[in-house]
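The structure's right below; bear with me while I get my questions together.
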Amino acid sequence: MTAAADRAWMLRAIALGAQATRAVRPNPPVGCVLVQGETVVGEGFHAVVGGPHAESVALAQAGDRARGATAYVTLEPCNHWGRTPPCAQALLQAGVARVVVGVRDPHQLAAGGVDALQAAGVAVTLDVEQQAAADLAEVFLTGVRQQRAFVQHKVAVTADGRVAAADGTTRWITGPEARQLVHAMRAQADAVLIGSGTALADDPRLDCRDLPQPPSQLPLRVVLDRRVQLPAHSHLAQTDAQATLLVTDDRERATGRDADLLRAQGVEVLRVAPSATWLADVLRALLQRGVHHVVAEPGPTLATALWRAQLVDRLDLLVAPKLLGSGAPWLQGLDLATLEAARPLRWSSVQQVGADVWLTARPQ
């Protein structure tokens, strides 16, 4: 296979892996393509935790045609018994002759598939379309490497970067198509996160009501509210259909009357002890609770704090064709005085959504 062919087949495997939903967590989304010559003999993706991995799906489809084939796998094949058998051993038993890997697996238990394959004489090619493969598995990789939840920052702005008009109004900057896209983002996340300022100013629902078919499990709503100011009559305090977690650092307020009123309505109140790394501590606490992917929809204050702490892993910028000339900017300032000090971003995609433009970037 040529390097160009390897890249093309890996991109096909990445596209397959991208079909996975949040049902795959805490496992990563993975795609696999088995090729004989120029013919696909099997392909698949990991769809649900506890279900067959991508390699197993592709091998089952290929049957005997897997012998002598090349396997393109977006993430290093696992080499341990978990909920399913080790994929590296399945590839060996099927007689696969070559394995092409997008990105290595940093997980201590699952890693080692490449070494096992090479030790058995299988040719292995590493880091093909590595960045795209890493982007596919970014939620999983962030959790393993940084031991915290992955943060996707969504922000809707005017063309001059405003998230609110001078009178404080915020609805609606973008059009209905963009709002539906945001609800689709939420549906794929484990939690939606805002600060107390947004909760008090907008009284948001943070649900997925604009989708034709909302998900069976709505994301957890997380409010960073150090002073426990969330009103008991707010939408977020109504938890019959969707859970809400309020996070504070104040011991007295976490056990005070206002917190008890919220608890009586089903809101969970969690205290994370104050520290210089409080936001990171919150994200670590969320991961420990099974929250791997957070869509953050903060106001400028919390947004700035997240970027200053370098806790944003992906930026989704929805830009409306409107000018305000005044009003709140989406960032309040990162104290970067020169162009040399600017935080570099890597654009991932740009597309038009209705009248608006949706740009995706990741920190370099």
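Can you tell me the order of 148-154, 124-130 when each peptide is scored by its average per-residue count of other Cβ atoms within 10 angstrom, highest first? Numbers along the way, then the final one.
Numbers: 148-154: 23.9, 124-130: 16.9.
For the peptides 148-154, 124-130, the packing ranking is 148-154, 124-130.
When DSSP beta bridges are limited to those with both residues in the chain, what percentage is antiparallel, rounded to the nearest 5? Present the calculation step by step, with values, prior to reporting the outcome.
Numbers: 24 of 59 bridges.
Of the beta bridges lying entirely in the chain, close to 40 percent run antiparallel.
Lys and Arg at +1, Asp and Glu at -1: add these up for the other residues within a Cβ distance under 13 Å of Val182 and post the number.
Charge balance in the 13 Å sphere: 0.
When the chain is treated as a GNM, springs tying every alpha-carbon pair under 10 Å, which of Ala15, Ala111, Ala241 comes out with the largest mean-square fluctuation?
Maximum fluctuation in the GNM of the chain, among the listed residues, is at Ala241.
OK, next. Give, as a single signed number, the net charge of other residues whose beta carbon lies under 14 Å from the beta carbon of Leu117, with Lys and Arg counted +1 and Asp and Glu -1.
On the way: positive: Arg98, Arg104; negative: Glu55, Glu76, Asp105, Asp115.
Taking every Cβ under 14 Å from that of Leu117, the sum is -2.
Out of all DSSP beta bridges with both ends in the stretch 17-135, state the antiparallel percent to the nearest 5.
In the stretch 17-135, approximately 55 percent of DSSP beta bridges are antiparallel ones.
Might you report the magnitude of the Cβ-based charge dipole of the chain about its Cα centre, with Lys and Arg at +1 and Asp and Glu at -1, to the nearest 20 debye? The partial results should precede the final answer.
Numbers: 34 positive and 35 negative charges, 61 e Å.
For the chain, the charge dipole is close to 300 debye.
If you take the charge dipole of the chain about its Cα centre, with +1 on Lys and Arg Cβ and -1 on Asp and Glu Cβ, which of Ala276, Val30, Pro214 is farthest toward its positive end?
The one lying farthest along the dipole's positive direction is Ala276.
Summing -39500 (n - 2.57) over the DSSP H runs of n ≥ 4 in the chain and dividing by its residue number, what mean residue ellipticity at 222 nm do you reach, to the nearest 500 deg cm²/dmol?
Details: 12 runs with 107 residues, N = 364.
Counting only the DSSP helices, I get -8500 deg cm²/dmol.
Provide the net charge surrounding Leu359, with neighbours chosen by a C-beta distance below 13 Å and charges set as Lys +1, Arg +1, Asp -1, Glu -1. Provide the component values of the computation, followed by the final result.
Working: positive: Lys154, Arg314, Arg346, Arg362; negative: Asp316, Asp356.
Cβ neighbours under 13 Å give a net charge of +2.
Give me the percent relative contact order of the stretch 64-206, please, defined on Cα pairs under 8 angstrom at least 6 residues apart. Don't jump to the answer; show the numbers that get you there.
Details: 161 pairs, mean separation 24.3, N = 143.
Once divided by the residue count of the stretch 64-206, the mean separation gives 17 percent.
Right, another one. How big is the Kirkwood radius of the chain, worked out from every pair of different alpha carbons and given in Å to one decimal? The partial results should precede the final answer.
Values: mean 1/r = 0.0451 Å⁻¹.
22.2 Å is the Kirkwood radius here.
Continuing with the same structure: Over the chain, with a Gaussian network built from C-alpha contacts below 10 Å, which listed residue (Arg83, Arg98, Arg227) shows the highest mean-square fluctuation?
The residue with the greatest mean-square fluctuation here is Arg83.
Classify the stretch 219-318 as rounded, prolate or oblate, taking a ≥ b ≥ c as the square roots of the eigenvalues of its Cα gyration tensor: rounded when a/c is under 1.5, otherwise prolate if a/b is larger than b/c and oblate if not. Please list the in-between numbers first.
Numbers: a/c = 1.78, a/b = 1.40, b/c = 1.28.
It is prolate, given that a/c is not under 1.5 and a/b is the larger ratio.
If you don't mind, another one. Tell me which DSSP H helices of the chain clear both cut-offs, 20 Å or more of axial length from alpha-carbon atoms and a mean Kyte-Doolittle hydropathy of at least -0.5.
On the way: long enough: 3-17 (21 Å, 0.73).
Span-like helices here: 3-17.
With N denoting the number of residues in the stretch 67-201, provide Rg(C-alpha) divided by 2.2 N^0.38 Å, to two decimal places.
On the way: Rg = 21.6 Å, N = 135, 2.2 N^0.38 = 14.2 Å.
For the stretch 67-201, the normalised Cα radius of gyration is 1.52.
By average Cβ neighbour count within 10 Å, what is the ranking of 163-173, 45-55 from highest down? Intermediate results must be reported in sequence, preceding the final value.
Working: 163-173: 14.5, 45-55: 20.5.
Top of the packing list down: 45-55, 163-173.
Checking the a/c ratio against 1.5 first, then a/b against b/c, what shape does the Cα gyration tensor give for the stretch 263-364?
On the way: a/c = 1.79, a/b = 1.47, b/c = 1.22.
Because a/c hits 1.5 or more and a/b exceeds b/c, the stretch 263-364 counts as prolate.
Please compute the length gained on full extension between Asp115 and Trp81, using 0.36 nm multiplied by the number of residues separating them and subtracting their Cα-Cα distance. Write out the running numbers ahead of the final one.
Details: separation 34, 0.36 × 34 = 12.24 nm, distance 1.61 nm.
So the extension gain works out to 10.6 nm.
Each value in this text was obtained by applying a stated rule to the coordinates, not by laboratory testing. Please read these numbers as outputs of a predicted model, since none were measured by experiment. Positions of Cβ are generated from backbone atoms using ideal geometry, with glycine treated the same way; all protein chains shown enter the neighbour counts.
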